[in-house]
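Just so you know, all these numbers are worked out from the coordinates, no wet-lab data involved. Keep in mind the model is a prediction, meaning the values are calculated, not measured. Here the Cβ is made from the backbone with ideal geometry for all residues, glycine too, and neighbour counts use every protein chain on show.
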Amino acid sequence: MVMRSFIKFIFLSFLCLWFLIGCVPEAPHSNPLDPYLFSTPTGSVITGTVFSRYQPVQPLKGVMVQLLPDLQIQITDQEGHFEFQNLEPGEYQLIAFRDQYLTDTIHVSLDQTDDTEVANFFLDALPQVVRVHFFSEHIDQWWPGEIYQAVLQIIVNDADGLSDIDSLHVQIPSLNFQKTMEGTARVDSFVVKIEAGELPDGSLQYLIETPSFVEIIDKSGGKTMSEPLRLTRIIDVTPLPVSPANLENSTSSPLFEWQPVALPFSYSHIVQVYRVNTGIPVLIFTSEPLPESPTAYQYPDSLGSGTYFWTIGILDNLNNFSRSKEASFIVP
């Protein structure tokens, strides 16, 4: 981290100096006694090109290449090329740095005064976080009881291609907690659920008070760590379904009604309907987010004969969610 900060400092200093020098016109060399009039570069040369790591490789412009111990710096051109001239024989170290890429180092030996060595870099692009959602879910249910869990969803990208991403892990350093994230139907999307029982005292409150991080690792071992993540809210309150309930008969287009709740933040309602097939509930409908009031919703379609249950949930603007117990009904 110290080396990376030092390199960034040198890079910014070099850019400022380059700009100032560019503002001063070059002095004419018309004087025949000027020692630079007929001079040509002398000494050894280190030249090279910086490429992306994987096929088909592409030249990378704007890469800062630092030469040690001379403290010279070159910025690669459109073709990814750099060159250091007039070097004495000896041992040199080249460091290639570009934001969002893994810094790389090459050692070069110059044995003769007029030696030329080629040193090409193939930089590993680091995975990048595109978007993160971190929210809580409270699921109340008759059996086996309430569930509190946090859901972390992340969208990632990698300039070397998404196939270069090896694994993602959510970490809570203060709790010595780590859990691997799973892929989803989208190749750039990953998710993990953290249940309250996995945390001290069985409480999600730790995720509000304590920062979590996502570590992304690519196949070359390059790592990216997300910004600190915290839950914003845990919703303990759930609305109470009123009708239909308790296996009462209903029309094929039931009117779902529930008791209002008073909360200190804005929220929407979500109605979900499940059909019970041989004892197994299957989700068949989820409403669009509904306003805080009214506290009723007409099912927009027609249900076939069978046994059902429905739930009413609260969803805030950060995706934190709390769902009621099931209310059962029958369509004759």
Of the chymotrypsin sites (Phe, Trp or Tyr not before Pro) in the stretch 142-177, those whose Cβ has at most 12 other Cβ within 10 Å and which sit in DSSP loop:
Trp142
Straight-line reach from Lys223: which aspartates and glutamates have a Cα under 16 Å away, not including same-chain ones fewer than 8 places off?
Asp99, Asp104, Asp124, Asp158, Asp160, Asp164, Asp166, Glu215
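At a Förster radius of 51 Å, what calculated FRET efficiency corresponds to the Cβ-Cβ distance of Thr105 and Glu288, to the nearest 0.05? Intermediate values should be presented prior to the final figure.
On the way: r = 55 Å, r/R0 = 1.07.
My answer for the efficiency is 0.40.
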Tell me, what is the FRET efficiency for Gln149 and His81 to the nearest 0.05, using R0 = 56 angstrom and their Cβ-Cβ distance as r?
0.60
Report ³J(HN,Hα) in whole Hz for each residue of the stretch 174-183, in order, from the Karplus equation J = 6.51 cos²θ - 1.76 cosθ + 1.60 where θ = phi - 60°; Gly and Pro get x.
5, 9, 6, 10, 8, 9, 7, 8, 9, x
Can you give me the distance in nm between label points at Asp70 and Val130, each placed 7 Å from the Cα along the Cα-to-Cβ direction?
4.2
Can you tell me which of Val214, Val237, Val118 moves the most in a GNM of the chain? Springs connect C-alpha atoms under 10 Å apart.
Val118
Hits among aspartates and glutamates - C-alpha to C-alpha of Lys325 under 18 Å, sequence gap 8 or more where chains match:
Glu137, Asp140, Glu146, Asp236, Glu248, Glu257
In the stretch 186-226, the trypsin sites (Lys or Arg not before Pro) that fall in loop regions by DSSP, at most 14 other Cβ within 10 Å
Arg186
MRE, 222 nm, helices only [DSSP H, n ≥ 4, -39500 (n - 2.57), over the chain, to nearest 500]
-2500 deg cm²/dmol
Folded to 0 to 90 degrees: helix 2-22 orientation relative to the chain principal axis, Cα:
60
Go through the stretch 208-292 and name the GluC sites (Glu not before Pro) that are in a DSSP coil and have 16 or fewer other Cβ atoms within 10 Å of their Cβ.
Glu292
Reachable lysines, given that their alpha-carbon falls under 22 Å from the alpha-carbon of Lys61 and they are not under 8 places away in the same chain
Lys8
Ranked from fewest to most other Cβ atoms within 10 Å of their own Cβ, Leu60, Leu240 fall in the order Leu240, Leu60
Extending each Cα 7 Å along its Cβ direction at Ser252 and Val118, get the distance between those two points in nm, one decimal.
7.7
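Within a 10 angstrom radius of the beta carbon, how do Ile235, Ile172, Ile284, Ile106 rank from fewest other beta carbons to most? Could the numbers behind the result be given before it?
Working: Ile235 22, Ile172 19, Ile284 12, Ile106 16.
Taking fewest neighbouring Cβ atoms as first place, the list is Ile284, Ile106, Ile172, Ile235.
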Could you give me the ³J(HN,Hα) list for the stretch 302-318, computed from phi with Karplus coefficients 6.51, -1.76, 1.60 and θ = phi - 60°, whole Hz, x at Gly and Pro?
10, 8, x, 4, x, 9, 9, 9, 9, 9, 10, x, 10, 10, 8, 6, 10
Distance between the stretch 260-332 and the stretch 93-139 - C-alpha centres, whole angstrom:
50
